[in-house]
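A.B. asks: Here it is, the structure, as structure tokens.
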Protein chains: 4
Amino acid sequence: MNFTSDNIVGVSPAVLHALGEANGGTAVSYGHDEWTGRAEKRLCDVFEREVKVFLVATGTAANALSLAALTPPYGAVLCHEESHINVDECGAPELFTGGAKLVPVREHGRDAGAGKIGARGLEATLASFGGAPHNVKAAAVSITQATEYGTVYTLDEIAAIADLTRRNGLKLHMDGARFANALASLNASPAEMTWRSGIDVLSLGFTKNGALGVEAVVFFDPPLADDFMYLRKRTGHLWSKGRFLGAQVNAMLDDDLWLRNAAHANAMARRLAQGLASCPGVRFPVPVEANALFPILPSALDRRLREVGACFYQWSPGGLDPSDRPGPGEVLARMVTSFATTAEEVDALVNTARAASLAVEPGGAG
Amino acid sequence: MNFTSDNIVGVSPAVLHALGEANGGTAVSYGHDEWTGRAEKRLCDVFEREVKVFLVATGTAANALSLAALTPPYGAVLCHEESHINVDECGAPELFTGGAKLVPVREHGRDAGAGKIGARGLEATLASFGGAPHNVKAAAVSITQATEYGTVYTLDEIAAIADLTRRNGLKLHMDGARFANALASLNASPAEMTWRSGIDVLSLGFTKNGALGVEAVVFFDPPLADDFMYLRKRTGHLWSKGRFLGAQVNAMLDDDLWLRNAAHANAMARRLAQGLASCPGVRFPVPVEANALFPILPSALDRRLREVGACFYQWSPGGLDPSDRPGPGEVLARMVTSFATTAEEVDALVNTARAASLAVEPGGAG
Amino acid sequence: MNFTSDNIVGVSPAVLHALGEANGGTAVSYGHDEWTGRAEKRLCDVFEREVKVFLVATGTAANALSLAALTPPYGAVLCHEESHINVDECGAPELFTGGAKLVPVREHGRDAGAGKIGARGLEATLASFGGAPHNVKAAAVSITQATEYGTVYTLDEIAAIADLTRRNGLKLHMDGARFANALASLNASPAEMTWRSGIDVLSLGFTKNGALGVEAVVFFDPPLADDFMYLRKRTGHLWSKGRFLGAQVNAMLDDDLWLRNAAHANAMARRLAQGLASCPGVRFPVPVEANALFPILPSALDRRLREVGACFYQWSPGGLDPSDRPGPGEVLARMVTSFATTAEEVDALVNTARAASLAVEPGGAG
Amino acid sequence: MNFTSDNIVGVSPAVLHALGEANGGTAVSYGHDEWTGRAEKRLCDVFEREVKVFLVATGTAANALSLAALTPPYGAVLCHEESHINVDECGAPELFTGGAKLVPVREHGRDAGAGKIGARGLEATLASFGGAPHNVKAAAVSITQATEYGTVYTLDEIAAIADLTRRNGLKLHMDGARFANALASLNASPAEMTWRSGIDVLSLGFTKNGALGVEAVVFFDPPLADDFMYLRKRTGHLWSKGRFLGAQVNAMLDDDLWLRNAAHANAMARRLAQGLASCPGVRFPVPVEANALFPILPSALDRRLREVGACFYQWSPGGLDPSDRPGPGEVLARMVTSFATTAEEVDALVNTARAASLAVEPGGAG
């Protein structure tokens, strides 16, 4: 019953198998191998157009490098205050861009939905930029799909942000560490959720979704990638034995493994949410749209679940609208499911919660 | 007959096997897993003392991060002009240190040996640093063991450099991308070749030696590592599924696989060198001490070998002492062997070379 | 009637005179001259303790260099969202620190006062820092005295922030571009307003206050300055003819010119505020404590003043508490006085405003 | 008799006078004032074409900012090993470019002349750049006119370097800290010595030549300057009271003060060289072409001159061709003259040297 994150599990067997298949013989190093070539071609197919693809091993690398391709050192990236790039990458975007600023978009919250920025807030933030050269230059916007709160931008929401971004001469990045979860949630095509909606560069994550360690930086506007090979190399993210990155991507795309893994994780999140929702006192301030859920639990229930070995984070409610935050005697939890989560684990947690709820319920027999 | 590099081959089967063994179940992410813990402990054993270990996936990351731990942004790293950090990492050390300078050590060449810096040249270079704050501050020295030229520093040579380094208040880094090859060559212990000789930080490479992608940054002076976790994270080199880095290291250390792989590569280099040395017109301006050889070949022989499919680099002779460089009708070649090189491949090249030499030899029947 | 800023005026005659006095003969370059030495000594006297002083020519340099001395590249500087370092220096602090983040302190506004951060907001912001190494490391706090809104921290407010800062292991910087204006306002001593209240490093501005271009970075904890000479040089802020920086400082300190200039500017601001306050419809959402005022003006008055040639900025009200913002038919203005502002200019503006107010007042004879 | 540098003297009286003239009244800040505007226009006249001009206060700023406009973070600047940018700016070019490398041009020395790079060495250095993205990208070449050794590139030499630079897709920067000295030496026009010879960006120094602290970054290809305003601001080099930079430039250009000052300094250097050359045992390994001279002095003479109070540097001979270096009993000296050097000072040194030479000459009566 470990729901702390989707990075605590291992890898899909098909990925391991693919590593073995790619082994043996010689291959040109530094990403000029046939596995990487195939992965690049297949991503063109996936996105229904020519794309430029660069593989790296971590999500932080994919994000920070993407932003470095879009933002000059005297530029700004507008993003959600709690986005991964802003609070979980230890300043990697700042380093790789040469010192650009990450500027939180204002008025996020109710108008946009937890974890999302909204066009209105984005407009206000853009308007707050003062005159050059005192202020940095707004250069890029970054959105996360699915968000840190497990919510998913609709195509219309993306398009509205993209429209504003383009009209202001900025570029639009999507942090897709959980891209497949969002795809599965929206039932949209990869093309629709990206360039057809106005995305310029995507960090396409595979690691959380069943790979060992591989993410693709996908450029929908190839000239933006002109210098990217230098950026990847000078940050130490060019692999010599690149075939083992390419092979992972191929394995994830084969038979739609990436989509199946993500759909499974999402289904487990819904199952867990539905189960918990049936427990008295549990409520969901954030809709469950991908593979993360943020239930507010009675403290007694939270304690009970931890006693029986359930693992999940207690989350700071700062990102929620004040009216949605836990009250006295309640805590906000974060639970994340993955491709490897089983229905049994989910049901075990739900059953424990139900039993505990009965026991702790005011007026209950216990 | 592909001798272009030791990064064109795959991985040792034991490494793949270890990845499979590490799969399944949950593990704490970001390097707090048991595989990484075990690797850290085993490296303490290997080096016969407490060391601080950080795993990353690429050699450029290991080097540039090591240097960032030793050098302030206004500092200088003294190194060999043709060292990997100076010419093959696209400025990663400059980026990760925040702008430090890499200063080539003078008078390398005959006094030191191909690919090596010498204490005399180091002293002269240190003396050339002018007054603060106009000049940058000499902060670290970096040596490569084995070198880019396949030569190996003796323990005395390291100690002489370390002595000078310490007396000038600098720190000493070793780029050990081919550390095991040097160990096997010197028949020294890891402790002797590092901290007992005065090394402060080591980039310990496993990738070229049979791993998929893992290098250990090893701190012999633990306080130097105090902030390293931040450096690794902000460069995107902290893996979420860290167990797959730890598992590779463990597999390499098990049954001395790292040493056996390196000894094999070295033996293949010697075998190839001995075979080629028996061909008329072939000579070796650089001693063959690890897994790389730099034969000077008659141009006709070079052409013939390539015709039959042998792959190796033609190398710029700029790093050689002028009297050692190829003359008219000759080329300098670089050939690298690996853990996966077979005696058959070596012999095939040698036999082709011998046959060709007979054929092209002036006065030969052909 | 130009009240746009305190940087549109020239310099105090005594400063020009001092430049002439310092001219002629030879002087050791790069700040080792006698004028600079005297300035350093006098600042020790001013602050009643040993301080380390470094002169530079601009306020952005002084601030960004100060922060670079306090914050590692993976660190964060907590500051007011609208502080000069955050919005008016084009990312200089990010560049000079090597990529540190500037993190706006939360809940500023009513609890702290316009332009100020409060201990409560600072505490909440510090609490929002997540675990290392994902989040950057909170390293420094920066406050502006007097603030961008012309308000002045009391000694108690500074001490409360300093206490929190110290208890969390951070360092405290003061942006004193208008330090003398704050001193004159508080009637405190330089020592009280800085190190006795817990300030570690001060950017002490002279340029806005009558100098040509000189600011002093003052370290109250000398070891913090150990590497500062390198930082100043590598950012191009070490002057060869340093005597002309030192001479400016000496001229400003002679006969308390800096305090007299600041007291005059403050008095002009008060005079202007009192005059405007007597006009119907004019109100002050921010107290006038130094040399800047932020009147809310009826739009008709604003127009009238501009028609007769008065110059001042219309200011975005975003930094004000919503209940303090201008309503329909009103605008927020910013007016700044300087050492060179005359009572005549002030009175001219006030008289124009009074006349215009009578004219535009509803029910007036018009 | 102080010949240590041309930065130990004060400023031309006309410069001080101009500062006074510019004082009083209000002026738009941040370089939008009329003095700066006039300086920009006059530099267009000086260079006989449209140029983009940015004023800063120090030479290090001018150089490092110029290079930042020409070189991406993953780029290289090819320069003389002993150039100011490489050894005297504490890594400012590295910082401002975001981590670019400064690569010393090979084979400088006899073929090029002391302090100069030659087209042959430049070609060899360019050829040493390996494949992308392992090597950084050669992006710019920087030459110093006049050089650190007081030598002056001929127009043909500049054109040969420019031709090579352009054919390789690089940009060409000129460090003109002593530009006027070179102009006076060559008797060329500013246009001939810059854009007509292929220079893209010039750091045009006034400080050493009589100003208080002002240098102009001059772009001959205006689009290269598109983002420069951000670079200048984010490094703290945008002055608020910009009129005092503009006024200095105007004073220097008025009545050709810059050319007269430089011609005087050069004449003093020639006079000093001729006088010393008449002393037995004194020789000049480097031709005296601008305002610096590098005599080799008998040690006894060197001692004697210092005894009577003459000040000059003893210089490391490392930059000279071995056959030109001082022998036993000799030292290499550096002497620099300036706009303020008087014939009396020069003659006093020469007379002392002559008297001392007679005294110490072997076989002399003394």
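The values are calculated or read from the model by the stated rules, or taken from the named source; none is laboratory data. As the structure is a prediction and not an experimental result, all values here were calculated from the model. Because the Cβ atoms are built from the backbone with ideal geometry, glycine has one as well, and the counts that use them run over all protein chains shown. Surface areas here come from the heavy atoms of the whole protein model, side chains and all, with no ligands, DNA or RNA. Shrake-Rupley method; radii C 1.70, N 1.55, O 1.52, S 1.80 Å.
A.B. asks: Counting each pair of different Cα atoms once, what's the Kirkwood radius of region C:132-196 in Å, rounded to one decimal?
C.D. replies: Values: mean 1/r = 0.0796 Å⁻¹.
After inverting the pairwise mean of 1/r, the radius is 12.6 Å.
A.B. asks: Of all accessible surface on the protein assembly as shown at a 1.4 Å probe, what whole percent is carbon and sulfur?
C.D. replies: Values: 24250 of 48870 Å².
So the carbon and sulfur contribution to the accessible surface is 50 percent.
A.B. asks: Note the angle between two axes, namely the Cα long axis of helix D:13-22 and the longest principal axis of the Cα atoms of chain D, as a number of degrees from 0 to 90, rounded to the nearest 10.
C.D. replies: 20 degrees
A.B. asks: Any idea of the total accessible area buried by the C-D contact, 1.4 Å probe, rounded to 100 Å²?
C.D. replies: Values: alone 15400 and 15400 Å², together 27120 Å².
Accessible area lost upon association: around 3700 Å².
A.B. asks: Let me ask something additional. Say R0 is 25 Å: what FRET efficiency, to the nearest 0.05, do D:ARG49 and D:ASP163 get from their beta-carbon distance?
C.D. replies: Values: r = 20 Å, r/R0 = 0.79.
It comes to 0.80.
A.B. asks: Taking the Cα centre of region C:1-113 as origin and charging only Cβ (+1 Lys, Arg; -1 Asp, Glu), how large is the dipole, in debye to the nearest 20? Could the numbers behind the result be given before it?
C.D. replies: Details: 8 positive and 15 negative charges, 36 e Å.
Rounded to the nearest 20 debye, it is 180 debye.
A.B. asks: Can you tell me how region D:259-306 classifies by the Cα gyration tensor, rounded, prolate or oblate, using a/c under 1.5 as the rounded cut? Please list the in-between numbers first.
C.D. replies: Numbers: a/c = 2.65, a/b = 2.12, b/c = 1.25.
Here region D:259-306 falls in the prolate category.
A.B. asks: Put simply, what bits of region A:234-253 lose 10 Å² or more of accessible area when the other protein chains are there, versus the chain on its own (1.4 Å probe)?
C.D. replies: Checking the loss per residue gives A:ARG234, A:THR235, A:GLY236, A:HIS237, A:LEU238, A:TRP239, A:SER240, A:LYS241, A:ARG243, A:PHE244.
A.B. asks: Could you size up the charge dipole of the protein assembly as shown around its Cα centre, putting +1 on the beta carbon of Lys and Arg and -1 on that of Asp and Glu, and report it in debye to the nearest 20? Provide the component values of the computation, followed by the final result.
C.D. replies: Working: 128 positive and 160 negative charges, 0 e Å.
Roughly 0 debye for the protein assembly as shown.
A.B. asks: Please name the residues of region D:113-150 whose accessible area, counted over protein heavy atoms with a 1.4 angstrom probe, falls by no less than 20 Å² between the chain alone and the full protein assembly.
C.D. replies: Going by heavy-atom accessible area, the residues of region D:113-150 that drop by at least 20 Å² are D:ALA132, D:PRO133, D:HIS134, D:ASN135, D:VAL136, D:LYS137.
A.B. asks: Right, another one. Volume per residue, Å³, of the convex hull around the alpha-carbon atoms of region B:226-366? The partial results should precede the final answer.
C.D. replies: Working: hull volume 24.2 nm³, N = 141.
In region B:226-366, the Cα convex hull volume per residue is 172 Å³.
A.B. asks: If packing is taken as the average count of other Cβ atoms within 10 Å, what order do B:216-223, D:307-314 fall into, highest mean first?
C.D. replies: Details: B:216-223: 19.4, D:307-314: 14.6.
So the order, starting with the most tightly packed, is B:216-223, D:307-314.
A.B. asks: Give, rounded to the nearest 20 debye, the magnitude of the charge dipole that region B:263-361 has about its Cα centre when Lys and Arg contribute +1 at Cβ and Asp and Glu contribute -1 at Cβ.
C.D. replies: 40 debye
A.B. asks: Then there is this: Provide the net charge surrounding D:ASP175, with neighbours chosen by a C-beta distance below 11 Å and charges set as Lys +1, Arg +1, Asp -1, Glu -1.
C.D. replies: On the way: positive: D:ARG178; negative: D:ASP88, D:GLU89, D:GLU148, D:GLU215.
Value of the local net charge: -3.
A.B. asks: Please give every one of the aspartates and glutamates within straight-line cross-link reach of D:LYS116, meaning a C-alpha to C-alpha distance under 17 Å, and leave out same-chain neighbours fewer than 8 residues apart.
C.D. replies: List returned: D:GLU81, D:GLU82, D:ASP88, D:GLU107, D:GLU148, D:ASP156, D:GLU157, D:ASP163, D:ASP175, D:GLU289, D:ASP321, D:ASP324.
A.B. asks: In units of 2.2 N^0.38 Å, what is the alpha-carbon radius of gyration of region A:297-342?
C.D. replies: Values: Rg = 12.2 Å, N = 46, 2.2 N^0.38 = 9.4 Å.
Normalised Rg, Cα atoms only: 1.29.
A.B. asks: Let me ask another. What figure, in Å² to the nearest 10, do you get for the accessible area of A:ARG354 with a 1.4 Å probe and non-protein molecules left out?
C.D. replies: In the full protein context, A:ARG354 sits at about 100 Å².
A.B. asks: Could you state the angle between the C-alpha long axis of helix C:34-47 and the longest principal axis of the C-alpha atoms of chain C, as a value from 0 to 90 degrees rounded to the nearest 10?
C.D. replies: Orientation of helix C:34-47: about 70 degrees from the principal axis.
A.B. asks: If we sort C:267-274, A:121-128 on the protection proxy, mean other Cβ atoms within 10 Å, highest first, what's the order? Provide the component values of the computation, followed by the final result.
C.D. replies: On the way: C:267-274: 20.1, A:121-128: 18.2.
Highest-to-lowest ranking by the protection proxy: C:267-274, A:121-128.
A.B. asks: Follow-up question, since we're still on this one. Considering only the label points, 7 Å along Cα→Cβ from Cα, what distances in nm to one decimal separate A:GLN274 from the same position in each other copy, shortest first?
C.D. replies: 7.2, 7.5, 10.2
A.B. asks: Here's another thing I want to ask about it. Output the 0 to 90 degree angle, nearest 10, between the alpha-carbon long axis of helix A:59-70 and the longest principal axis computed from the alpha carbons of chain A.
C.D. replies: 50 degrees
A.B. asks: While we're on this one: Roll a 1.4 Å probe over the protein chains and send me the accessible area per residue for chain D in Å². Each step should come with its number before you reach the end.
C.D. replies: Working: 12230 Å² over 366 residues.
Here the per-residue accessible area is 33 Å².
A.B. asks: Here's a follow-up. Just to confirm a number: summing +1 for Lys and Arg and -1 for Asp and Glu over residues other than C:VAL77 whose beta-carbon lies under 15 angstrom from that of C:VAL77, what do you get? Spell out each step's value before the answer.
C.D. replies: Working: positive: A:LYS101, C:LYS101, C:ARG106, C:LYS137, C:LYS171; negative: A:GLU94, C:GLU81, C:GLU82, C:ASP88, C:GLU89, C:GLU94, C:ASP175, C:ASP200.
In short, -3.
A.B. asks: Given a 1.4 Å probe, show me the residues in region C:61-83 buried by at least 20 Å² of accessible surface when comparing the whole protein assembly to the chain alone.
C.D. replies: Hits at the 20 Å² cut-off: C:PRO73, C:TYR74, C:GLU81.
A.B. asks: Does the protein assembly as shown classify as rounded, prolate or oblate by the C-alpha gyration tensor (a ≥ b ≥ c root eigenvalues; a/c under 1.5 gives rounded; else a/b over b/c gives prolate, otherwise oblate)?
C.D. replies: Working: a/c = 1.99, a/b = 1.04, b/c = 1.92.
Oblate.
A.B. asks: Then there is this: Would you tally the net charge around D:ASN266, using a Cβ to Cβ cut-off of less than 10 Å, leaving D:ASN266 out, and scoring K and R as +1, D and E as -1? Working shown, then result.
C.D. replies: On the way: positive: D:ARG178, D:ARG270, D:ARG271; negative: D:GLU289.
Once all neighbours under 10 Å are counted, the net charge is +2.
A.B. asks: What translational D, rounded to a whole number of µm²/s, comes out for region B:43-100 from Stokes-Einstein when the hydrodynamic radius is the Kirkwood one over Cα pairs, at 10 °C and 1.306 mPa s?
C.D. replies: Working: Rh = 12.4 Å.
Approximately 128 µm²/s, per Stokes-Einstein.
A.B. asks: Something else now. Given labels modelled 7 Å from the Cα in the Cβ direction, how far is it in nm from B:GLN274 to B:ARG38?
C.D. replies: Those two pseudo-labels are separated by 3.8 nm.
A.B. asks: Still on this structure: With springs connecting C-alpha atoms under 10 Å apart, model chain A as a Gaussian network and identify which of A:ALA132, A:ALA247, A:ALA57 has the largest mean-square fluctuation.
C.D. replies: Of A:ALA132, A:ALA247, A:ALA57, the most mobile in the Gaussian network model is A:ALA132.
A.B. asks: Rounded, prolate or oblate: which one fits chain D, using the alpha carbon gyration tensor with axes a ≥ b ≥ c (rounded when a/c is under 1.5, else prolate when a/b beats b/c, else oblate)? Show your work: numbers first, answer last.
C.D. replies: On the way: a/c = 2.21, a/b = 1.30, b/c = 1.71.
Taking the square roots of the gyration eigenvalues as a ≥ b ≥ c, chain D is oblate.
A.B. asks: Going by Cα centres, region A:260-315 and region B:1-58 are how many Å apart?
C.D. replies: When both Cα centres are located, 35 Å separates them.
A.B. asks: Please report the accessible area of D:ARG283 (heavy atoms, 1.4 Å probe, ligands and nucleic acids excluded) in Å², nearest 10.
C.D. replies: Looks like 90 Å² after rounding.
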